[in-house]
Amino acid sequence: DLRNAACIVGVDESDEIGVLPGKSMLSLHLEAITNAVRDAGLKPSDVDGIFTAGQHSPALLGEALGVTPRYIDGTSVGGTSFIIMVEHAVAALHHGLCNVAVISHGESGRSGVGVTRSRDTALSGQYEIPYGYGAAPTQFALITTRHMHEYGTTLEQWAQVAVSTR
């Protein structure tokens, strides 16, 4: 039973939000982590568990923070990666694999930092994204619409899925 095994004590963002084409993904990660750790009343050197998904590895974030984490997790499963990271962090904290875990996301989608550059040479970047298909809203809308057509699922039934996952 992992209830009451861990709690979130610090949350924050990078120093700036919005259109930031001059900021790197690494800068966004480091600023957000530093700010969240400060919000928790801790120092970056207290961090011994790093969780992230995407183009930067958690080991690289540890190196950039100047810490050697006892536990890292770079599980990437798409848009739900950071929800899964919370579960993984709770499990790692519960089992004593780390004492202070941070979960970081270092993208600025409006700026194209961490998002479009990696997709430019992918098949989806060539054949889907230019036509407006590729982000979660379009992918899930297509699947949802097809499911509604095939099985008669209503919007109210889909709403219950959203409610139950929260």
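The values are calculated or read from the model by the stated rules, or taken from the named source; none is laboratory data. Note that this is a predicted model, so its numbers are computed, not measured. Neighbour counts run over all protein chains shown; Cβ positions are idealised from the backbone, glycine included. Ligands, DNA and RNA are stripped out before the accessible areas are found, and what is left, the full protein with its side chains, is counted by its heavy atoms. Shrake-Rupley method; radii C 1.70, N 1.55, O 1.52, S 1.80 Å.
A few notes on this one:
- Cα gyration tensor category, rounded, prolate or oblate, for segment 3-88 with a/c compared to 1.5: rounded
- Taking a Cβ cut-off of under 11 Å around Ala53, the surrounding Lys, Arg, Asp and Glu residues balance to a net charge of -2, with basic ones at +1 and acidic ones at -1.
- Label selected from (i) 76, 39, 34; (ii) 45, 37, 26; (iii) 53, 43, 24, the criterion being Cα extents along the principal axes in Å as computed here: (iii)
- What a 1.4 Å probe finds exposed on segment 1-113 is 52% carbon and sulfur by accessible area, rounded to a whole percent.
- Report summary: the helix-based calculation at 222 nm, which adds -39500 (n - 2.57) for every DSSP H run with n ≥ 4 and divides by the residues of the chain, gives -13000 deg cm²/dmol.
- On Cα atoms only, tilt of 81-94 relative to the major axis of the chain in degrees: 40
- Peptide packing for 97-103, 126-132, 63-69 was compared via the average number of neighbouring C-beta atoms within 10 Å per residue; ordered from the highest value, the list is 97-103, 63-69, 126-132.
- Among beta bridges that DSSP assigns inside the chain, antiparallel share in %, nearest 5: 10
- For segment 12-74, the solvent-accessible area with a 1.4 angstrom probe is 50 square angstrom per residue.
- Rounded to 10°, Cα long-axis angle of helix 136-151 versus longest principal axis of the chain: 40
- With Cα atoms, 0 to 90° folded angle of helix 155-164 axis to the chain main axis: 10
- Charge tally in the Cβ shell below 12 Å around Leu26, where Lys, Arg are +1 and Asp, Glu are -1, Leu26 excluded: -2
- Proximal charge balance of Asn99 [Cβ under 10 Å; K/R count +1, D/E count -1]: -1
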